[in-house]
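Contents: one structure, followed by commentary.
The values are calculated or read from the model by the stated rules, or taken from the named source; none is laboratory data. Predicted, not measured: the structure shown is a model, and the values here were computed from it. Neighbour counts are summed over all protein chains in view; Cβ atoms, including those assigned to glycine, are modelled from backbone coordinates with ideal geometry. For the accessible areas, the whole protein counts, side chains as well, though only heavy atoms, and no ligand, DNA or RNA atoms are used. Shrake-Rupley method; radii C 1.70, N 1.55, O 1.52, S 1.80 Å.
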Amino acid sequence: MFAVAVNAATPDPTPLLTYAASHQFPPVYAASAQYALKKRLTQITFDLSKDPPPETNCAQTLGAKRFATLFDDLGGVYSSMGDDAKAAEAYAKAVACNPRAEFLHAQLAAALLDMGRYKDARLETQRQLSLGRANFSVYTLITQLDFIENRWLEAVTDARLAVTEAPDDEQATYWQCFLWIAQKHLGTQEPVLVNRRIPGTWPTPILESLQGKITEAELVDAVDSERDGRRQREILTEALFYTGEKRLAEKRIDEATRYFTATTQLNVPYFIEHHLAMAELEELRHPMP
């Protein structure tokens, strides 16, 4: 009797890409959410037209903080709708009405970053640093800009500060991922993280995948365990992006491009990973000098 050779199945080298390609997700914006955003937009626009703020010197006007709040709300609605240009315009007006509000400057810088206006975004964050207004939001924005501009030494420093200043362990873990990847870009074999508690929930599987503690297939399992379709789409966006960054740090450019492309195709425009993946794709197509 002849022995029959049975070849073991070849492991999938890119299981996250396979998973993303084989799944259908619900719309990013449910009809009810779209209606709520449009209703809120109409209300804010009406309030601003009923009692319009001055074109200049808003900060010296009676009711300046109320105007700033309305423009901040307007920027938030436009940001949620994916209209970064109008969001940036609204946040700039909010800053003009309440220039001392640090969070408004961070909102403006984030909108500028999402628009691809990286120089303007960095100027805004540097202005906050020069005024002694460094905080978690500022450090996260600078870290994103460092990644976009391949400033890896600065990225290590800024990501470390973002982790340290993060208000909770979950948010800190995202910036631990940035810290790990930045060190990998510098050729560090065993990156060193900030001494903070790593939670037992998402996004810890991403960090463990970057560290090699779990496989990419196990990362897929973590994504697949999420039962809510909308949330699953969001965490898959994150998993794809950070895995793409890992491939990029390993000089596996073609694979990194595929992961970043898959990230953007999930179309979650209110996540920073979506915008950073778009920036990475642009950089890969047209490298900066």
- Message: Take the chain, mark every one of the trypsin sites (Lys or Arg not before Pro) that falls in a DSSP loop and has at most 11 other Cβ within 10 Å, then report the longest stretch left between them, sites excluded.
- Response: 1-196
- 0 to 90° range, to nearest 10: angle between helix 84-97 axis and the chain longest Cα axis: 40
- For n ≥ 4 DSSP H runs only, could you compute -39500 (n - 2.57) per run for the chain, divide by its residues and tell me the 222 nm figure to the nearest 500? -21500 deg cm²/dmol
- Message: Can you tell me how the range 156-229 classifies by the Cα gyration tensor, rounded, prolate or oblate, using a/c under 1.5 as the rounded cut?
- Response: oblate
- Overall dimensions of the range 193-244 as given by Cα atoms, namely Rg and Dmax in Å: 11.0, 33
- Give me the accessible area per residue for the range 85-146, probe 1.4 Å, as a whole number in Å². 43
- List the GluC sites (Glu not before Pro) within the range 11-105 that fall in a DSSP loop (any state other than H, G, I, E or B) and whose Cβ has at most 11 other Cβ atoms within 10 Å. 55
- Task: Give me the angle, in degrees from 0 to 90, between the Cα long axis of helix 272-285 and the longest principal axis of the Cα atoms of the chain, rounded to the nearest 10.
- Result: 70
- Query: At a 1.4 Å probe radius, carbon and sulfur cover how many percent of the accessible area of the range 1-130?
  - Reply: 58
- Note on the structure: Semi-axes a, b, c in Å (a largest) for the range 76-156, each sqrt of 5 times a Cα gyration tensor eigenvalue, come to 20, 16, 9
- Output ³J(HN,Hα) for the range 111-116: one whole-Hz value per residue in order, computed from phi by the Karplus curve 6.51 cos²θ - 1.76 cosθ + 1.60 with θ = phi - 60°, and x for Gly and Pro. 5, 5, 4, 5, 6, x
- Can you pull the Rg over Rh of the chain, Cα-only, Kirkwood? 1.04
- Hey, what angle do you get for helix 253-265 against the long axis of the chain, alpha-carbon based, 0 to 90 degrees rounded to 10? 50
- Note on the structure: Computed for the chain: size of charge dipole around the Cα centre, +1 on C-beta of each Lys and Arg, -1 on C-beta of each Asp and Glu, debye to nearest 20, value 600
- Which of rounded, prolate, oblate describes the range 175-289, given a ≥ b ≥ c as roots of the alpha-carbon gyration tensor eigenvalues and a/c under 1.5 marking rounded, otherwise prolate only if a/b is larger than b/c? oblate
- Task: With a 1.4 Å probe and every protein chain kept in, tell me what percent of the accessible surface of the range 199-289 is carbon plus sulfur.
- Result: 50
- Message: With bins 10 Å wide starting at 0, give me the P(r) of the range 1-147 over every alpha carbon pair, in whole percents.
- Response: 11, 28, 26, 16, 7, 5, 4, 2, 1, 0
- Using every alpha carbon pair in the range 103-260, what percent of pairs falls into each 5 Å bin from 0 up to the bin containing the largest distance? 2, 9, 17, 20, 21, 16, 10, 4, 1, 0
- Say the cut-off is 23 Å between C-alpha atoms; which of 119/184; 119/251; 65/86; 50/86; 39/93; 39/119 go over it? 119/184; 119/251; 39/119
- Task: Over the range 149-289, give the accessible area per residue in Å² for a 1.4 Å probe, as an integer.
- Result: 46
